[in-house]
1. Going residue by residue through segment 3-17, is there one that turns out to be more than 19 Å from residue 233 (Cβ to Cβ), within 20 Å of the chain's Cα centre (by Cα) and surrounded by fewer than 15 Cβ atoms within 10 Å (Cβ to Cβ)?
2. Based on this model, can you work out whether residue 237 counts as out of contact with any strand residue (DSSP E or B) (no Cβ under 9 Å at 6 or more places or on another chain), under 24 Å from residue 121 (Cβ atoms) and modelled with pLDDT under 90?
3. Is it true that residue 46 is assigned to a helix (DSSP H, G or I) and either farther than 30 Å from residue 236 by Cβ or at pLDDT 90 or above (or both)?
4. Kindly indicate whether residue 104 is surrounded by 14 or more Cβ atoms within 10 Å (Cβ to Cβ), modelled with pLDDT under 90 and either in contact with a helix residue (DSSP H, G or I) (Cβ under 6 Å, 6 or more places away or on another chain) or on the phi > 0 side of the Ramachandran plot (or both).
5. All but one of (1) surrounded by 14 or more Cβ atoms within 10 Å (Cβ to Cβ); (2) within 27 Å of residue 6 (Cβ to Cβ) hold for residue 182, so report the exception by its number.
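The values are calculated or read from the model by the stated rules, or taken from the named source; none is laboratory data. The structure presented is a predicted model; accordingly, all values stated were derived computationally and were not measured. Cβ sites come from the backbone with ideal geometry, for glycine too, and all protein chains shown count toward neighbours.
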């Protein structure tokens with residue numbers, strides 16, 4: 001919904017110059033730190049083995065607090081910007097445009113790619129291991145982890161019912177991932193297309209399709225919108241005319 005509203009109303013959809021899209025360097029520099037402290041560290045804490053390292057109560061508590069991850073990211077972001085970054089740069093340095101933003105942009109995009117790639121490959125490796133080497137898991141677990149069951153969702157018009165709560169949650173998560181990622185892909189493609197026309201990028205549609213297909217196969221569906229926008233920003237902030 002947010003992305004649809006952005007495409008319909010935001011001026012930045014058609015604005016494709018560095019001056020229009022540039023942001024305060026502090027805000028850009030704060031993004032990796034805010035995601036590390038507000039998003040990644042809670043996930044690591046939830047992943048700690050129980051009861052060897054932490055108690056089950058600790059894991060449940062962290063899981064409950066983790067649901068507000070967006071608030072934690074915003075909190076650490078503003079702490080970094082207004083407490084630390086303001087001490088390092090003067091107000092006159094708050095905004096810059098063009099190639100000066102590219103190094104920080106690349107760090108942000110690199111982190112986003114890593115966050116999309118790691119879970120994609122972990123899931124794929126586990127799923128295909130269960131398919132090719134089922135002896136490494138018990139029979140029920142191996143069946144659940146096979147690619148047709150783990151990676152392919154049940155179609156909405158299928159009358160099949162979930163056998164238990166865990167299978168129902170799996171279907172919910174699968175469709176949440178598909179719909180959410182599809183929305184981001186459409187949004188990023190619109191922004192990419194607008195910038196491509198402005199900068200008269202010499203690239204054919206077959207080449208674009210193949211490149212984006214490779215992005216998806218290597219990095220997963222969630223990596224595609226990140227790489228698409230990365231291309232767009234390389235044109236915009238790289239000073240390409």
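1. Scanning segment 3-17 turns up at least one residue that is more than 19 Å from residue 233 (Cβ to Cβ), within 20 Å of the chain's Cα centre (by Cα) and surrounded by fewer than 15 Cβ atoms within 10 Å (Cβ to Cβ).
2. no
3. So residue 46 fits the description; yes.
4. Answer is yes for this residue.
5. It fails just one condition, (1).
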